[in-house]
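Just below is one structure, and these are the notes that go with it.
The values are calculated or read from the model by the stated rules, or taken from the named source; none is laboratory data. Source: prediction; values computed, not measured. Every residue, glycine among them, receives a Cβ derived from its backbone with ideal geometry; neighbour counts consider all protein chains shown.
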């Protein structure tokens, strides 16, 4: 059985200074990302205008997958740098990453199965997209984490996990 590598932990400067509290373990952030129901995704348009929307999706293997419509997809095609943020402003987890559209049928099917089991959905693969009869079709996007930030109740616990330099 292969174990997932933990990202390299460091302390980010927050509000112009180093945090003074204890750093958080990777398991703290990973658990919150896996268990979250709603994720806020922020993209930028061609002109640089921010676009933030809540999505349902899933976190696994240092990446977040979700289905989206034309506006978010156009933004990702223009600029694949994306931020994913959990709902809490107290127990904060922020993922910075690079997005790609998933087109492989097997990966789309895996997304549909995970999504339907998490959200009691009825998505199905439709060509290179997923959809249902109520919401229509949408592309599936994967955001591969580059850096993840988190803090618990206070920025004094602010921790950065560098995914590109896993230990």
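Consider segment 7-26 and keep the residues that are in contact with a helix residue (DSSP H, G or I) (Cβ under 7 Å, 6 or more places away or on another chain) and outside any loop (DSSP other than H, G, I, E, B). The one that is farthest from residue 97 (Cα to Cα) is 14.
Hey, does segment 67-83 have a residue that's within 17 Å of residue 10 (Cα to Cα) and assigned to a strand (DSSP E or B)? Explain how you work it out, then say what you get.
Step one: of segment 67-83, the residues within 17 Å of residue 10 (Cα to Cα) are none.
Within segment 67-83 (the criterion being within 17 Å of residue 10 (Cα to Cα) and assigned to a strand (DSSP E or B)), the answer is no, since none of the residues qualifies.
Residues checked against (1) surrounded by fewer than 18 Cβ atoms within 10 Å (Cβ to Cβ); (2) within 16 Å of residue 56 (Cα to Cα); (3) at pLDDT 95 or above:
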| site | (1), (2), (3) |
| --- | --- |
| 83 | yes, yes, yes |
| 95 | no, yes, yes |
| 103 | yes, no, yes |
| 106 | yes, no, yes |
| 115 | no, yes, yes |
| 118 | yes, yes, yes |
| 124 | yes, yes, yes |
| 132 | yes, yes, no |
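Looking across segment 62-72 at every residue that is farther than 15 Å from residue 111 by Cβ and touching a strand residue (DSSP E or B) at 6+ places or on another chain (Cβ under 8 Å), the one that is surrounded by the most Cβ atoms within 10 Å (Cβ to Cβ) is identified as 72. So which of 40, 59 ends up being part of a strand (DSSP E or B) and surrounded by fewer than 19 Cβ atoms within 10 Å (Cβ to Cβ)? Criteria check complete, one pass: 40. Between 46, 53, 32, the distinction of being assigned to a loop (DSSP other than H, G, I, E, B) and either in contact with a strand residue (DSSP E or B) (Cβ under 8 Å, 6 or more places away or on another chain) or exposed (fewer than 15 other Cβ atoms within 10 Å of the Cβ) (or both) belongs to 46 only. Residue count for segment 37-61 under the criterion of being modelled with pLDDT under 95 and within 10 Å of the chain's Cα centre (by Cα): the result is 1.
Return the residues of segment 122-142 that are assigned to a strand (DSSP E or B) and over 19 Å from residue 74 (Cβ atoms); say none if nothing qualifies.
Filtering segment 122-142 down to residues assigned to a strand (DSSP E or B) leaves 124-126, 129-132, 136-142.
Answer for segment 122-142, where residues must be assigned to a strand (DSSP E or B) and over 19 Å from residue 74 (Cβ atoms): 124, 125, 126, 132.
Taking first residues from segment 51-77 that are at negative phi and free of Cβ contacts under 8 Å to residues at least 60 places away in the same chain and partners that are surrounded by fewer than 16 Cβ atoms within 10 Å (Cβ to Cβ) and part of a strand (DSSP E or B), the Cβ contacts under 8 Å between residues at least 6 apart in sequence or on separate chains come to 52/40; 53/40; 54/40; 55/40; 71/51; 75/51; 77/101.
Mind listing whichever residues of segment 84-116 are free of Cβ contacts under 8 Å to residues at least 12 places away in the same chain, over 15 Å from residue 36 (Cβ atoms) and either part of a helix (DSSP H, G or I) or within 17 Å of the chain's Cα centre (by Cα) (or both)? If the condition is that a residue be free of Cβ contacts under 8 Å to residues at least 12 places away in the same chain, over 15 Å from residue 36 (Cβ atoms) and either part of a helix (DSSP H, G or I) or within 17 Å of the chain's Cα centre (by Cα) (or both), then 106, 110, 113, 116 are the ones that fit.
For segment 11-24, the criterion of being loosely packed, with under 11 Cβ neighbours inside 10 Å and either within 16 Å of the chain's Cα centre (by Cα) or closer than 28 Å to residue 119 by Cβ (or both) is met by no residue.
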